[in-house]
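Working notes for the structure below.
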Amino acid sequence: MILNEKEQKVLRTIAKWYREGKNSVDRETAIAELEISDSEYNTIMLLMEENGAIEAMHGHPSDGPDYIALDFTPLCHSEQLVRQLDKQIEDENKIKAVPPDIIEQLKERFRRNPWTAWVIVIFIVMTFLVTLINGIIDLFNKIR
């Protein structure tokens, strides 16, 4: 689930309302406490309803383009969504905090490059030939 900062703030506030035991939140209270505009309200509340964070009590998306959730109920799933969001942010921070492994970067770069494969094959063949020639020379020296 990808949410922008404003949507994350709304989700966290809805989860807080659920923890506080609010059974119903009206539109005016939500707009004031969430610090969102009247035009953003429908879009954000529809997103929250689709993700299971709220249940609209009056009005529903099937009512048409003028859908307005007059009242809504914060649901327990909002808590789970906040936990998932926190874990996602934590994982992103861990990825950013880990310095890149130089060896793995080189392996990936060389793995995708066909020239590197040819250099490795030629090196292996040359090593085999030098070892074979050296063995043959040693054999001739021992025979004499």
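The table below gives the values:
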quantity	calculated
Segment 109-124, subset in a helix (DSSP H, G or I) and loosely packed, with under 10 Cβ neighbours inside 10 Å, residue modelled with the highest pLDDT	W115
Residue within segment 97-108 that is surrounded by 17 or more Cβ atoms within 10 Å (Cβ to Cβ), on the phi < 0 side of the Ramachandran plot, modelled with pLDDT of 80 or more and among the charged types (D, E, K, R) present	no
Within segment 1-42, considering residues that are acidic (D, E) and surrounded by 13 or more Cβ atoms within 10 Å (Cβ to Cβ), the one farthest from D91 (Cα to Cα)	D26
Sole exception among (1) under 12 Å from F72 (Cα atoms); (2) at pLDDT 90 or above; (3) assigned to a helix (DSSP H, G or I) for G52, by number	(3)
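The values are calculated or read from the model by the stated rules, or taken from the named source; none is laboratory data. The structure displayed is predicted, hence computed values, not measured ones. A quick note on method: Cβ atoms are made from the backbone with ideal geometry, for glycine too, and the neighbour counts reach across all protein chains shown.
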